[in-house]
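Q: Just dropping this structure here.
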Amino acid sequence: MNGETVIDIRHLKTSFFSKKTELPVVDDVSFSVHKGETLAIVGESGSGKSMTALSIMRLVPTPNGEIVDGEIYFNDRDLLKQKEKEMFKVRGNEISMIFQEPMTSLNPVYTIGDQIREQLTYHQDITRREAHQIGIEMLQTVGFSRAKEIMGEYPHRLSGGMRQRVMIAMALSNNPQLLIADEPTTALDVTVQAQILELMQKLSKEYDSAIILITHDLGVVAELAERVVVMYGGQVVEEAPIDELFDDPLHPYSEGLLNSIPKIEGTQDRLDSIPGTVPTPDNLPVGCNFVTRCPYAMELCQQEEPRLMDKDSSRKVRCFLHEEGIATDGQQHRSS
Amino acid sequence: MVNNIEVLENEQHEIVPGQENILEMQELKKHFPVKTGVLQRTTGHVKAVDGIDIAVKKGESFGLVGESGCGKSTAGRTAMRLYEPTEGQITFDGEDISRKKEKDLFNLRREMQMIFQDPFSSLNPRKTVGSMLAEPLKVHGLYKNQNERKEKIQEVMGRVGLNPSFTNRYPHEFSGGQRQRIGIARALVLEPKMIIADEPVSALDVSIQSQVLNLLDDLQDEFNLTYLFIAHDLSVVKHFSDRIGVMYLGHMAEIADKTDLYDDPLHPYTQALLSAVPRSHPRERTRERITLTGELPSPANPPSGCVFHTRCPHVMDVCKEIVPQMREVKPNQYVACHLYE
């Protein structure tokens, strides 16, 4: 857990600009990931989790999106200061990314082999034949028994689960130090999801890669992650080791989220739910982003924005309830 | 085959006397033709639903689960006669509706409504919420008085948690969860007896999902609704359903009360499916997982015998030749598997 830090993100802010108004979609996000560690970023749609990942890769959609502020240290090098040319060497090599849609992230007119070989020969000084050999080995690692034949297949011949395994093989073929997986199993069936999660677990052990797992599915988080960052309205609202988050969530949003999922073990008569809807970046409330849906909202929450502060050495939370010197038994009200 | 169904039906009646079935599917099949070439000749059939027996009791939620391509949505749509059944019988409220003509189905449509998965594409973007909810009433000649109709619409909107003054708004002005509420209101406005909900919450955010599930739950109590709840998320299905049917490649694998099914799954496919579901707490992580090998076979060319035999960890010789029949292995737990014969 206390291995060397692979990536350290500090006060990242990414915004979209429309007609001169700035909409921050990632707002003051800080976290770091160690070697061999799996960190999950959990959040609902519009929470900024995917945009955080794209910011790390410097793939924020232009011309409307822009990284406005912050630093992303990858092995002591600030990625935000690198030239685009330098980023070519980082992407797919030192940092790889797996996307949600295995249907659209492979090029339909090239064979699997073409696509694996291309990125190997681009980043490493090897021949086509060597690349082919490595490609076959990678496909075997991700569980293809007919790896040789798969190299000659076109993407449409493969099922969703197989395509996602190909994507993982490609993402890992250059031995990246950091793997970013954005909803890697959301489009897949549960039995295939189990295979992919098992595979990712095995590979992170084998290659000692750091993994950032982005998902909305707390079940997937419970299966795979060691540490969790919960995002809401573009901000980190809580960071905690996995067991501690599930046992004792500090932020009211984390608590609401955990209580609103149906549990496969046991039965409950009624689900808890968070009232209201997920805010979009252009209609965030004044003060705390969660104030309109929070069951513990105080007057202060409607006026000031809470800071992300250390609760103890391993936990962080952005909530006035946990800030010292502020009364927690203040006036409670529910809003819907 | 036919005898078997009768046995199954009788047994269910014996165990729960007084609780009658509202919807029955018997030996129901739906095959889609595969057409190829310039002449569009039929060269084969996708056997999306290939002989299923389901009986949904009045007032219950029957969950239908399975992975993509197992035929659960086709089964739901065929039960509503949105698809023409290829073979078999559908009985709704004691009436055989499997061969009825479209115009005779008019009254059925009022009593059996559907909620769709995608709250974005299932609503007409050019229509206001009010006109969308008024249309079914007009079609069926209900609430002819304009004021009464308006009242009814606002009442239903309020009931599903939408602001009744939003009747003049368009779908794009609502969030995903609110749009799903519009879809529910549209199904509810005709006061149906039964609602077929096809993945009603899978497109929604986690915190919104529980709101909609709770709403569906409340509506069931209030209006005495019966649900056929089609979903792939096994935790959601467990929470919502009373009884659950597991489908694999167009066939029913197992039907049981939810606690029996989750505590003691009997069919090897149900076992594999349940073992693959992520647990809800990290401490439950370490456990035996049954990993299925191989890929889902094509429903255009399903395996002989038991359709699951190509991936089954307990496969025997008999499985490759003979299709297993549904039988009651434990009280109220029906399994189609040769292991229990």
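Q: Could you look through the range A:142-154, keep only residues that are surrounded by fewer than 15 Cβ atoms within 10 Å (Cβ to Cβ) and assigned to a helix (DSSP H, G or I), and pick out the one that is farthest from the other protein chains (Cβ to nearest Cβ)?
A: Ranking the candidates gives A:LYS148 first.
Q: Looking only at the range B:286-311, count every residue that is among the hydrophobic types (A, V, I, L, M, F, W, C) and away from every other protein chain (no Cβ under 13 Å) and tell me the total.
A: Our first condition is that a residue be among the hydrophobic types (A, V, I, L, M, F, W, C); within the range B:286-311, this holds for B:290, B:292, B:296, B:300, B:306-308.
Those still in the list that are away from every other protein chain (no Cβ under 13 Å) too: B:300, B:306-307.
Result for the range B:286-311: 3.
Q: Which numbered condition trips up A:VAL286, out of (1) in a loop (DSSP other than H, G, I, E, B); (2) of a type outside the set (Phe, Trp, Tyr); (3) away from chain B (no Cβ under 14 Å); (4) within 24 Å of the chain's Cα centre (by Cα)?
A: Of everything listed in (1) in a loop (DSSP other than H, G, I, E, B); (2) of a type outside the set (Phe, Trp, Tyr); (3) away from chain B (no Cβ under 14 Å); (4) within 24 Å of the chain's Cα centre (by Cα), A:VAL286 misses just condition (4).
Yes or no, residue by residue, for (1) surrounded by fewer than 13 Cβ atoms within 10 Å (Cβ to Cβ); (2) of a type in the set (Lys, Arg):
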{"site": "A:ASP69", "(1), (2)": "no, no"}
{"site": "A:PRO108", "(1), (2)": "yes, no"}
{"site": "A:ARG117", "(1), (2)": "no, yes"}
{"site": "A:GLN140", "(1), (2)": "no, no"}
{"site": "A:HIS156", "(1), (2)": "yes, no"}
{"site": "A:ILE168", "(1), (2)": "no, no"}
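Q: Pull up the range B:240-263, narrow it to residues that are surrounded by fewer than 23 Cβ atoms within 10 Å (Cβ to Cβ) and in contact (Cβ under 8 Å) with a residue 12 or more places away in the chain, then point me to the one that is nearest to A:VAL190 (Cα to Cα). Walk me through it before giving the result.
A: Step one: of the range B:240-263, the residues surrounded by fewer than 23 Cβ atoms within 10 Å (Cβ to Cβ) are B:241-243, B:257-260, B:262-263.
So of that shortlist, the ones also in contact (Cβ under 8 Å) with a residue 12 or more places away in the chain come out as B:241-243, B:257-258, B:260, B:262.
On the way: B:SER241: 19, B:ASP242: 22, B:ARG243: 20, B:ASP257: 21, B:LYS258: 18, B:ASP260: 21, B:TYR262: 15 Å.
If we take residues in the range B:240-263 being surrounded by fewer than 23 Cβ atoms within 10 Å (Cβ to Cβ) and in contact (Cβ under 8 Å) with a residue 12 or more places away in the chain, then B:TYR262 is nearest to A:VAL190 (Cα to Cα).
Q: Taking B:ARG283 as meeting all but one of (1) within 11 Å of chain A (Cβ to nearest Cβ); (2) surrounded by 13 or more Cβ atoms within 10 Å (Cβ to Cβ); (3) not in a loop (DSSP other than H, G, I, E, B), write down the number of the exception.
A: Only one criterion in (1) within 11 Å of chain A (Cβ to nearest Cβ); (2) surrounded by 13 or more Cβ atoms within 10 Å (Cβ to Cβ); (3) not in a loop (DSSP other than H, G, I, E, B) is unmet by B:ARG283, namely (2).
Q: Residue under question is B:PRO192, and the condition is that it be more than 25 Å from A:ILE274 (Cβ to Cβ), touching a strand residue (DSSP E or B) at 6+ places or on another chain (Cβ under 9 Å) and part of a helix (DSSP H, G or I); does it hold?
A: Here the answer is no, as B:PRO192 does not meet what is asked.
Q: Also: Could you run through the range A:63-97 and say how many residues are β-branched (Val, Ile, Thr) and over 28 Å from A:VAL166 (Cα atoms)? Show your work before the answer.
A: Here is the first cut: in the range A:63-97, the ones β-branched (Val, Ile, Thr) are A:67-68, A:72, A:90, A:95.
Checking the rest, the ones that are also over 28 Å from A:VAL166 (Cα atoms) come to A:67-68, A:72.
The number of residues fulfilling the criteria is 3.
Q: So, of the residues in the range A:249-283 that are of a type in the set (D, E, K, R) and in a loop (DSSP other than H, G, I, E, B), which turns out to be nearest to the other protein chains (Cβ to nearest Cβ)? Give the derivation first.
A: Filtering the range A:249-283 down to residues of a type in the set (D, E, K, R) leaves A:255, A:263, A:265, A:269-270, A:272, A:282.
So of that shortlist, the ones also in a loop (DSSP other than H, G, I, E, B) come out as A:263, A:265, A:269-270, A:272.
On the way: A:LYS263: 4, A:GLU265: 7, A:ASP269: 9, A:ARG270: 6, A:ASP272: 7 Å.
Applying the filter and picking the extreme gives A:LYS263.
Q: Follow-up. Please indicate, with yes or no, whether at least one residue in the range A:227-248 is on the phi < 0 side of the Ramachandran plot, part of a loop (DSSP other than H, G, I, E, B), more than 9 Å from every other protein chain (Cβ to nearest Cβ) and out of contact with any Ser or Thr (no Cβ under 6 Å at 6 or more places or on another chain). Quick ask: steps written out before the conclusion?
A: Of the range A:227-248, the ones on the phi < 0 side of the Ramachandran plot are A:227-232, A:235-248.
Going one step further and asking which of them are part of a loop (DSSP other than H, G, I, E, B), we end up with A:248.
If we keep only those that are more than 9 Å from every other protein chain (Cβ to nearest Cβ) too, we end up with A:248.
From the residues that got through so far, the ones that are out of contact with any Ser or Thr (no Cβ under 6 Å at 6 or more places or on another chain) too are A:248.
Among the residues of the range A:227-248, at least one is on the phi < 0 side of the Ramachandran plot, part of a loop (DSSP other than H, G, I, E, B), more than 9 Å from every other protein chain (Cβ to nearest Cβ) and out of contact with any Ser or Thr (no Cβ under 6 Å at 6 or more places or on another chain), which makes the answer yes.
Q: Restricting the range B:239-265 to residues that are part of a strand (DSSP E or B) and acidic (Asp, Glu), which is farthest from B:SER280 (Cα to Cα)?
A: Here the residue is B:GLU254.
Q: Sticking with this structure for a sec: Which one is nearest to the other protein chains (Cβ to nearest Cβ), of the residues in the range A:189-206 that are over 14 Å from A:ALA225 (Cα atoms) and either in contact (Cβ under 8 Å) with a residue 40 or more places away in the chain or outside any helix (DSSP H, G or I) (or both)?
A: That would be A:ASP189.
Q: Has the range B:95-108 got at least one residue that is assigned to a loop (DSSP other than H, G, I, E, B), over 17 Å from B:LEU23 (Cβ atoms), out of contact with any Gly (no Cβ under 9 Å at 6 or more places or on another chain) and at pLDDT below 95?
A: We begin by selecting, within the range B:95-108, every residue assigned to a loop (DSSP other than H, G, I, E, B); these are B:97-101.
Filter again for over 17 Å from B:LEU23 (Cβ atoms), leaving B:101.
Filter once more, so that each one left must be out of contact with any Gly (no Cβ under 9 Å at 6 or more places or on another chain): B:101.
Remaining after also requiring at pLDDT below 95: B:101.
Among the residues of the range B:95-108, at least one is assigned to a loop (DSSP other than H, G, I, E, B), over 17 Å from B:LEU23 (Cβ atoms), out of contact with any Gly (no Cβ under 9 Å at 6 or more places or on another chain) and at pLDDT below 95, which makes the answer yes.
Q: Any residue that is surrounded by fewer than 18 Cβ atoms within 10 Å (Cβ to Cβ), within 26 Å of B:ASP217 (Cα to Cα) and hydroxyl-bearing (Ser, Thr, Tyr) - is there at least one of those in the range B:155-165?
A: There is at least one residue in the range B:155-165 that is surrounded by fewer than 18 Cβ atoms within 10 Å (Cβ to Cβ), within 26 Å of B:ASP217 (Cα to Cα) and hydroxyl-bearing (Ser, Thr, Tyr).
Q: Which one is modelled with the lowest pLDDT among residues in the range A:121-140 that are among the hydrophobic types (A, V, I, L, M, F, W, C) and out of contact with any Ser or Thr (no Cβ under 6 Å at 6 or more places or on another chain)? Steps first, please.
A: So in the range A:121-140, the residues among the hydrophobic types (A, V, I, L, M, F, W, C) come out as A:126, A:131, A:134, A:136, A:138-139.
Remaining after also requiring out of contact with any Ser or Thr (no Cβ under 6 Å at 6 or more places or on another chain): A:126, A:134, A:136, A:139.
On the way: A:ILE126: 93, A:ILE134: 93, A:ILE136: 94, A:LEU139: 90.
So, considering only residues that are among the hydrophobic types (A, V, I, L, M, F, W, C) and out of contact with any Ser or Thr (no Cβ under 6 Å at 6 or more places or on another chain), the one modelled with the lowest pLDDT is A:LEU139.
Q: Kindly check whether there is at least one residue in the range B:187-210 that is surrounded by 23 or more Cβ atoms within 10 Å (Cβ to Cβ), over 29 Å from A:THR267 (Cα atoms) and at pLDDT 90 or above.
A: There is at least one residue in the range B:187-210 that is surrounded by 23 or more Cβ atoms within 10 Å (Cβ to Cβ), over 29 Å from A:THR267 (Cα atoms) and at pLDDT 90 or above.
Q: Determine, yes or no, whether B:ALA187 is of a type in the set (A, V, I, L, M), away from chain A (no Cβ under 14 Å) and in a helix (DSSP H, G or I).
A: Values: of a type in the set (A, V, I, L, M): yes; away from chain A (no Cβ under 14 Å): yes; in a helix (DSSP H, G or I): yes.
Answer is yes for this residue.
Q: Restricting to the range A:34-84, give me the number of residues that are among the β-branched types (Val, Ile, Thr), free of Cβ contacts under 8 Å to residues at least 60 places away in the same chain and in contact with a helix residue (DSSP H, G or I) (Cβ under 9 Å, 6 or more places away or on another chain).
A: Restricting attention to the range A:34-84, the residues satisfying the condition of being among the β-branched types (Val, Ile, Thr) are A:38, A:41-42, A:52, A:56, A:60, A:62, A:67-68, A:72.
If we keep only those that are free of Cβ contacts under 8 Å to residues at least 60 places away in the same chain too, we end up with A:60, A:62, A:67-68.
Now restrict to residues that are in contact with a helix residue (DSSP H, G or I) (Cβ under 9 Å, 6 or more places away or on another chain): A:60, A:67.
Total meeting the criteria: 2.
Q: Of all residues in the range B:211-238 being surrounded by 20 or more Cβ atoms within 10 Å (Cβ to Cβ) and in a loop (DSSP other than H, G, I, E, B), which is nearest to the other protein chains (Cβ to nearest Cβ)?
A: B:ASP233
Q: Tell me, which residue of the range A:289-322 that is under 30 Å from B:VAL160 (Cβ atoms) and not in a loop (DSSP other than H, G, I, E, B) is farthest from the other protein chains (Cβ to nearest Cβ)? Before you say what the answer is, go through the steps one by one.
A: First pass over the range A:289-322, keeping only residues under 30 Å from B:VAL160 (Cβ atoms): A:289-297, A:301-302.
Pick out the ones that are also not in a loop (DSSP other than H, G, I, E, B) and you get A:291-293, A:301-302.
Working: A:VAL291: 15, A:THR292: 13, A:ARG293: 8, A:CYS301: 18, A:GLN302: 20 Å.
It comes out as A:GLN302.
The values are calculated or read from the model by the stated rules, or taken from the named source; none is laboratory data. Computed from a predicted model, the values in this text were never measured in an experiment. Cβ sites come from the backbone with ideal geometry, for glycine too, and all protein chains shown count toward neighbours.
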